[in-house]
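Chemist: Encoded as structure tokens, here's the structure I'll be asking about.
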Amino acid sequence: MAGIDDLPPLREVIARHGLSARKALGQNFLLDLNLTARIARAAGDLANADVLEIGPGPGGLTRGLLAEGARHVVVVEKDPRCIPALEEIAAAYPGRLTILKGDALEIDVREYLTPPVKIVSNLPYNVGTELLVRWLTPPEWPPFWESLTLMFQKEVAERIVARPGSKTYGRLAILAQWRTEARIVMTLPPSAFTPPPKVSSAVVHLRALPAPRFEADPKVLEAVVARAFNQRRKMLRASLRGLAPDIEARIREAGLDPTMRAEQVDIEGFARLARVLARG
Ligand code: SAM
């Protein structure tokens, strides 16, 4: 393996620290450092950015990020077995790696980060979608990060970039594309990971827009979209019943047909509906 740094190969690190993969923690490791450096490059120029990485595991992607010149990397890892391996990386890159031990769903990372911030992670599958939704739905926009470069199961990646009318279009596509520009930048077969997962994976790059594409109150938009897609086969007049006493009239006022189904409504249509409903 061509070295991207002077640290030992990841297989050796894993053997020495006894890091057998645990399914409950969503552990599928990337051991090819050329691949992790490629993922780091997909995040753009890192030299002037702080990078947040959730779930570094034995540190393959962390090493890619540091070797690609990230100014400062902050990692959050729940598995205490991985910490000694990460400390070896921190020693090889003095002052550039901060290791936070614990659950990414509970730690507030912002105090450790200086803008501009890029988030780059091979996410644990069991918390990946939850973290993405949190990053996409702060009350204020722009958020604390400038871009997200994230590995997901390919099926989740496709839901993030889906267009209206497609089977995968839904809540995730709208939350992502309302406030970011989202695209799939890399697809990886199961064999890229150790152990290999059952399905293919894909890296999605989301760049935060300076302002949402269309004006809407985030809470109202999220509520309408959640309702509409909770019963995605139903017509809007049925799935949104109860949101307002005169819901059919409101749907029409937003320029939509009450017999439309959620998957036929584009983001602009949902934003118009959220504005009409926010009037109370
Ligand atoms: N980044 C490494 C790589 O690419 O080889 C490991 C990726 S592995 C898919 C996911 C990592 O997230 C594991 O190291 C796991 O221990 C960690 N993890 C799982 N749940 C977590 C949580 N709630 N908070 C922080 N880390 C978590």
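Where a number appears in this text, it was derived from the coordinates with a stated rule and is not lab data. Keep in mind it's a predicted model, so treat the numbers as computed, not measured. Cβ: placed from backbone, ideal geometry, glycine included. Neighbour counts: every protein chain shown.
Chemist: Distance between Cα centroids, segment 215-236 to segment 29-62: provide it in whole Å.
Modeler: If you average the Cα positions of each part, the centres end up 35 Å apart.
Chemist: Identify which of Ser147, Ser239, Ser191 has the largest mean-square fluctuation in a Gaussian network model of the chain, with springs joining Cα atoms closer than 10 Å.
Modeler: Ser191
Chemist: To continue, here is another question. Assuming a ≥ b ≥ c are the square roots of the Cα gyration tensor eigenvalues, decide whether segment 123-184 counts as rounded (a/c under 1.5), prolate (otherwise, with a/b larger than b/c) or oblate.
Modeler: oblate
Chemist: Going by amide H atoms built from the backbone, whose H comes under 5 Å of the H on Val73, apart from near neighbours?
Modeler: Val51, Leu97, Thr98
Chemist: Please find, in a Gaussian network model of the chain (springs between Cα atoms separated by less than 10 Å), the residue of Val199, Val120, Val224 whose mean-square fluctuation is greatest.
Modeler: Highest fluctuation among the options: Val199.
Chemist: Rounded to the nearest whole Å³, what is the per residue volume of the convex hull around the Cα atoms of segment 60-154?
Modeler: Details: hull volume 10.7 nm³, N = 95.
That works out to 112 Å³ per residue.
Chemist: Between Glu87, Glu268, Glu106, where does the largest GNM mean-square fluctuation fall for the chain, given springs only between Cα atoms within less than 10 Å?
Modeler: Checking each option, the largest mean-square fluctuation is seen for Glu106.
Chemist: Take the alpha-carbon centre of segment 263-279, take the same for segment 68-134, and report the distance between them in whole Å.
Modeler: 36 Å
Chemist: Which value at 222 nm does the chain reach when only helices count, each DSSP H run of 4 or more adding -39,500 (n - 2.57), with the total divided by all residues and rounded to the nearest 500 deg cm²/dmol? Intermediate results must be reported in sequence, preceding the final value.
Modeler: Details: 11 runs with 101 residues, N = 280.
About -10500 deg cm²/dmol.
Chemist: So what's the convex hull volume per residue for the Cα atoms of segment 218-278, in Å³? Please report the intermediate quantities before stating the final value.
Modeler: Numbers: hull volume 4.0 nm³, N = 61.
Here the figure is 65 Å³ per residue.
Chemist: Within the chain, which DSSP H helices have Cα atoms that stretch 15 Å or more along the helix axis and a mean Kyte-Doolittle hydropathy of at least -1.0?
Modeler: 125-136, 218-230, 267-278
Chemist: Which lysines have a Cα lying under 16 Å from the Cα of Lys78, excluding residues fewer than 8 positions away in the same chain?
Modeler: Within the straight-line limit of under 16 Å, Lys78 reaches these lysines: Lys23, Lys101.
Chemist: Also: Return the Rg/Rh value of the chain, two decimal places, where both radii are evaluated on C-alpha atoms and Rh is the Kirkwood radius.
Modeler: Working: Rg = 20.7 Å, Rh = 20.0 Å.
So for the chain, dividing Rg by the Kirkwood Rh gives 1.04.
Chemist: Return the loop-located GluC sites (Glu not before Pro) in segment 171-245 (DSSP other than H, G, I, E, B) with at most 16 other Cβ atoms within 10 Å of their own Cβ; answer none if there are none.
Modeler: Glu215
Chemist: In the neighborhood of Gly64, defined by Cβ-to-Cβ distances under 11 Å, what is the net charge if each Lys or Arg adds +1 and each Asp or Glu adds -1?
Modeler: Value of the local net charge: -1.
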